[in-house]
Amino acid sequence: MSHHFAGAGDVGVPLKSTVGVGIPVSAEDIILQTFDNDERKLQGSMRPIITELDNNKRGSIRTDVADLVMVKYKCSSNGVPITQTNGSTLPLVPGSSKDAEFGGYNPFDHRTVQYPTTDMETFIHLLKGSLGSGILAMPLAFMNAGLIFGLIATATIGFVCTYCVHILVKSSHKLCRRMQVPALGFADVAEVAFLAGPPAFQKFSGLFRGLVNTFLTIDLLGCCCVYIVFVAKNIKQVMDEYVLDINVRWYMLMMLPLVIAMNLIRNLKYLAPLSMVANFLVGTCMTITFWYVFQDLPPMKSAPFITDWHKWPLFFGTAIFALEGIGVVMPLENNMKTPQHFIGCPSVLNIGMAIVVLLYSTVGMFGFLKYGDKTEGSITLNLPKDELLAQSVKVMIAVAIFLTYSLQFYVPFEIIWKGSKHRFTSHPVLFEYLLRVLLVVGTVLVAIACPNLGPVISLVGALCLSFLGLILPSCIDLVTCWEEPGLGRGYWRLWKNMVIIMFGILGLVTGVYSSMLDIIVTFNQ
């Protein structure tokens, strides 16, 4: 008996298949054909994906969500070979349904990670991913909020960000069980949640995958711009004291050849030593910075407890830029030896984020208390200019952030290159190097155009991380739980997520508006 199943590559061409012997059936009449009883016994849980042609959309296939038509995820994650029958390219993969999440399939048992990380290693990576240059900007954030309001708002934003990570990871686990795949990345979770959700949401799957990749790219390239500004300003202060006073933009131009050369390294393996050196320098710098901050602290009443409300959006943008580490969450969880320990109570995430919020609150509060209205975009810029130890901090932190640029640049470049390399098949390596150079030059030009660190940090945080860290996880949670387990008594899950989404939208709009005004003022000056 001959079976022919239409695959994705068959769309848009006149297909014929045979049912029985010599009976032609067109694809528009029937694409799905069933196995006989013997084949069902032989295959067990293996069954073909059910598909049907959508005549209203030329060249598209509408899939039966109950059978979870996510062929590319199943094949790549489970290692299922593509079975070709009469020229068909449709793979046979294990059938699944939403019942799978309540028993049967455990994604953690099917993960094959070559070098899985322990709970402690994941905890260290989480701290490393969250404790970046943003911690040095927290005193500026508190200047736009006030001491007491800054403490309360930082704790609130930290709690909301941590909760959003919880619901994102839980949604990932649900989707992995429903689809019977061991792991999903951030963009995969967004796409699968909508594609496997209610029919009304399925058409948005590609859009949300694209939004995740787009905002991740903007966020990380924005961080690269911030790094250029940060390094140039710290080097300028040292050079102004001991050598020559020149415009900060010239330092950015002088850095350009070095940044280009460093980012021609294509393998992350060769960037690891740079990361180790950067971590050591950051730890040393923070120790010396705390020593200066806690010397001769003024009384608490010398700083305002709360500021004018129109400054709060700048605080929100800076704080969420510093606290939000949503981009590293899914890679960390997917590579854990015991991923079930990542969320829960207690858990790696809860303990790690509690320490992060405590450190950020401490640096922000005491940094602002120490320097008041003179607080700079980075606390290192407030250190004494006439002391060699303080100047060494600026040099070390500048070198550390400079060495971190390549790691930040790696992810957005991979996203852009994967989406464009099919256009450069003749000389791919040459075009890859050319694209690297163009993107690096672009980040330096943006930094030169806007060398004011504070508004840039606030803009990146408000624009990208409000969406990635607050709005998107709530949307994914809603779509994933819409049908099972449902919206809950009184639609509490709907209202809860809507509150978070509105909070994210409010922060995004007000933060972007305030940051753009500050950037325009800076540019005019």
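The values are calculated or read from the model by the stated rules, or taken from the named source; none is laboratory data. Because the structure is a prediction, the values reported are computed rather than measured. Reconstructed Cβ throughout: ideal geometry from the backbone, glycine too, with neighbour counts over all protein chains shown. All accessible areas refer to the heavy atoms of the entire protein, side chains included, with ligands and DNA or RNA removed. Shrake-Rupley method; radii C 1.70, N 1.55, O 1.52, S 1.80 Å.
If you go through the stretch 219-235 and keep only what is at pLDDT 85 or above and open to solvent by 20 Å² or more (accessible area, probe 1.4 Å), you end up with 221, 233, 235. For the stretch 317-346, filtered to residues that are farther than 30 Å from residue 518 by Cβ and among the charged types (D, E, K, R), the residue that is surrounded by the fewest Cβ atoms within 10 Å (Cβ to Cβ) is 337.
Which ones in the stretch 436-490 are over 28 Å from residue 264 (Cα atoms) and of a type in the set (Lys, Arg)? The one that is over 28 Å from residue 264 (Cα atoms) and of a type in the set (Lys, Arg): 489. Against the condition crowded, with 21+ Cβ neighbours inside 10 Å and in contact (Cβ under 8 Å) with a residue 24 or more places away in the chain, how does residue 512 come out, does it pass? Spelling it out, it is not the case that residue 512 is crowded, with 21+ Cβ neighbours inside 10 Å and in contact (Cβ under 8 Å) with a residue 24 or more places away in the chain. Would the stretch 387-402 turn up any residue that is out of contact with any Gly (no Cβ under 9 Å at 6 or more places or on another chain), among the aromatic types (Phe, Trp, Tyr), over 30 Å from residue 148 (Cα atoms) and open to solvent by less than 10 Å² (accessible area, probe 1.4 Å)? For the stretch 387-402, residues out of contact with any Gly (no Cβ under 9 Å at 6 or more places or on another chain), among the aromatic types (Phe, Trp, Tyr), over 30 Å from residue 148 (Cα atoms) and open to solvent by less than 10 Å² (accessible area, probe 1.4 Å): absent. Residue 483 - would you say it is of a type in the set (D, E, K, R), open to solvent by less than 60 Å² (accessible area, probe 1.4 Å) and in contact (Cβ under 8 Å) with a residue 60 or more places away in the chain? Considered against the rule, which asks whether it is of a type in the set (D, E, K, R), open to solvent by less than 60 Å² (accessible area, probe 1.4 Å) and in contact (Cβ under 8 Å) with a residue 60 or more places away in the chain, residue 483 comes out as no. When you scan the stretch 487-497, do you find a residue that is within 21 Å of residue 191 (Cα to Cα) and open to solvent by 50 Å² or more (accessible area, probe 1.4 Å), even just one? Taking every residue of the stretch 487-497 in turn, none turns out to be within 21 Å of residue 191 (Cα to Cα) and open to solvent by 50 Å² or more (accessible area, probe 1.4 Å). The residue of the stretch 171-194 that is most open to solvent (accessible area, probe 1.4 Å), among those that are touching a Cys at 6+ places or on another chain (Cβ under 9 Å) and outside any helix (DSSP H, G or I), is 183. Checked against (1) modelled with pLDDT of 85 or more; (2) assigned to a helix (DSSP H, G or I); (3) surrounded by fewer than 19 Cβ atoms within 10 Å (Cβ to Cβ), residue 360 passes all but a single condition, namely (3).
Here residue 372 meets the list (1) on the phi < 0 side of the Ramachandran plot; (2) open to solvent by 10 Å² or more (accessible area, probe 1.4 Å) almost entirely, failing just condition (1).
Of all residues in the stretch 431-450, those that are within 18 Å of residue 258 (Cβ to Cβ) have Cβ atoms under 6 Å from Cβ atoms of residues that are open to solvent by 40 Å² or more (accessible area, probe 1.4 Å) and not aromatic (Phe, Trp, Tyr), 6 or more apart or on another chain, in 448/249. Considering (1) open to solvent by 10 Å² or more (accessible area, probe 1.4 Å); (2) in contact with a Phe, Trp or Tyr (Cβ under 8 Å, 6 or more places away or on another chain), the lone condition that residue 458 does not fulfil carries the number (1). Residue 254 meets the conditions (1) more than 29 Å from the chain's Cα centre (by Cα); (2) farther than 20 Å from residue 406 by Cβ; (3) surrounded by 11 or more Cβ atoms within 10 Å (Cβ to Cβ) in every case but one. The failed one is (2). None of 148, 152, 157 is open to solvent by less than 40 Å² (accessible area, probe 1.4 Å), assigned to a helix (DSSP H, G or I) and either at pLDDT 80 or above or within 19 Å of residue 328 (Cα to Cα) (or both) except 157. Give me the residue from the stretch 257-296 that is at pLDDT below 85 and outside any helix (DSSP H, G or I) and, out of that set, most open to solvent (accessible area, probe 1.4 Å). Step by step, filter the stretch 257-296, then rank; the result is 296.
Would you mind stating whether residue 197 is surrounded by fewer than 24 Cβ atoms within 10 Å (Cβ to Cβ), out of contact with any His (no Cβ under 9 Å at 6 or more places or on another chain) and part of a loop (DSSP other than H, G, I, E, B)? Yes: the conditions hold for residue 197. Pairs linking a residue in the stretch 185-213 that is more than 16 Å from residue 467 (Cα to Cα) to a residue that is surrounded by fewer than 18 Cβ atoms within 10 Å (Cβ to Cβ), with Cβ atoms under 7 Å and 6 or more positions apart or on different chains, are 194/201; 194/202; 195/202; 197/482; 198/482; 198/483.
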